[in-house]
Amino acid sequence: MTTHKGNSETEKITVSTNGEEGGYNKVEIWDREATAAMAKNYREIITLLGEDPEREGLENTPVRVAKAMQFLMQGYNHNPAEIIKSAMFKEDYKQMVIVKDIELYSMCEHHMLPFFGKAHVAYIPNGYITGLSKLARVTDAFARRMQVQERLTMQIRDCIQETLQPLGVAVVIEAQHMCMQIRGVQKQHSVTTTSAFTGCFLKNLQTREEFIHLIGSTLH
C-alpha cells in the first residue's frame, strides 16, 4: 500500500510468515523517496570505506540502513504534546506520580552513534493526570531523534510541564553513550546522568529527595 504524505510517498508493506490468518505479520512503513536517496548515499559511503557494495552480504545493505534510520528517527513524526493531550483526565490527586526505568534509545547528534539507558519521570498533578504510558511515549518521541542527553532531559520535562500544567515535574536520565565506549576515550563502563526539575521538585528539597529515593528503591 502506498500513501502520500505531503510531497512524498509513504509505503506500507505487510509481510506474513506463513500467509495464514493468525500468523505473524511484520509491518514496515517508510518514505519511498527518502529511502532511495539515503540508500544511494549509503552505497557511496560503503564504497569510500573500501568495501564492495555489490557483493552478496552488502547488496541490500544501503536500503536496509536507510529504512533502519527512518525507524530510529521516527520521533520527528510525533507530536509529544498531542500524545499527552490524547489521554488527559480530571483527577483530584496531588501526590507524586512516578514512572521509572523507562527504556530509551537515542542517537548522539555529534557522531551519529546510539546512546541508550533509562529515564525516570515524575510529576505532581494539579487537577489533571495523564495515562502512564503517555510518559513513556513522550520519552520515546523525543529520544528517537538526533539528540544530546542534556537537551532530551529538558525537552521531556518542559513538554509535561507546559501540556499538563502540574505542580512540578522531575526527569532523570541515565545512559551509556557508544561515542564514549567504542571510539574516542573508549570507557566501556561510563554512565552519564542528567536531571531536570520544575515547580515543587525544584523549590522543595524534601520533595526532590523523595523522588531521588523512590527511583533508587526496589519496591517490586
| Which entries in the list Lys40/Lys134; Lys67/Lys187; Lys134/Lys203; Lys94/Lys203; Lys40/Lys85; Lys40/Lys118 go over 28 Å, if you measure between the two C-alpha atoms of each? | Lys40/Lys134; Lys67/Lys187; Lys40/Lys85; Lys40/Lys118
| message | Can you tell me which of Lys134, Lys187, Lys100 moves the most in a GNM of the chain? Springs connect C-alpha atoms under 10 Å apart. | response | Lys187
| message | Just to be sure I understand the model, the point goes 7 Å from the Cα along the line to the Cβ. What's the resulting Asn25 to Thr47 distance in nm? | response | 4.0
| said: Using Stokes-Einstein with the Kirkwood hydrodynamic radius over Cα pairs, what translational diffusion coefficient do you get for the range 112-175 at 37 °C and a viscosity of 0.692 mPa s, in µm²/s rounded to a whole number? | reply: 271
| remark: Which of Asp140, Asp52, Asp31 fluctuates most in a GNM of the chain (C-alpha springs under 10 Å)? That residue is Asp52
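Around Thr163, with a cut-off of 10 angstrom between Cβ atoms, what is the net charge of the other residues, counting Lys and Arg +1 and Asp and Glu -1? Can you show the working numbers first?
On the way: positive: Lys85, Lys134; negative: Glu82, Asp158, Glu162.
Neighbourhood net charge equals -1.
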| query | Does the range 62-180 come out rounded, prolate or oblate by the C-alpha gyration tensor, with a ≥ b ≥ c the root eigenvalues, rounded set by a/c under 1.5 and, if not, prolate when a/b is larger than b/c and oblate if not? | reply | prolate
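Stretched out fully, how many nm does the piece from Ile182 to His78 gain, at 0.36 nm a residue minus the Cα gap?
On the way: separation 104, 0.36 × 104 = 37.44 nm, distance 3.05 nm.
So the extension gain works out to 34.4 nm.
Please state the relative contact order of the range 50-182 as a whole percent: Cα pairs under 8 Å, 6+ residues apart? Spell out each step's value before the answer.
Details: 233 pairs, mean separation 40.1, N = 133.
Result for the range 50-182 is 30 percent.
Less than 13 Å Cβ to Cβ from Ser86, Lys/Arg counted +1 and Asp/Glu -1: what total charge do the surrounding residues give?
On the way: positive: Lys85, Lys134, Arg137; negative: Glu82.
Spelling it out: positives minus negatives among the neighbours equals +2.
Just the Kirkwood number for the chain, please: inverse of mean 1/r across all distinct Cα pairs, in Å, one decimal. Mind dumping the intermediate values first?
Numbers: mean 1/r = 0.0502 Å⁻¹.
Value: 19.9 Å, from the Cα pair sum.
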| field | Gain upon complete extension [Glu91, Glu209; 0.36 nm per residue less C-alpha separation] | value | 40.0 nm
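No lab work stands behind these numbers, since they all come straight from the coordinates. Worth saying up front: this structure is predicted, and the values here are computed from it rather than measured. In this analysis, Cβ positions are derived from the backbone assuming ideal geometry, glycine residues included, and neighbour counts consider all displayed protein chains.
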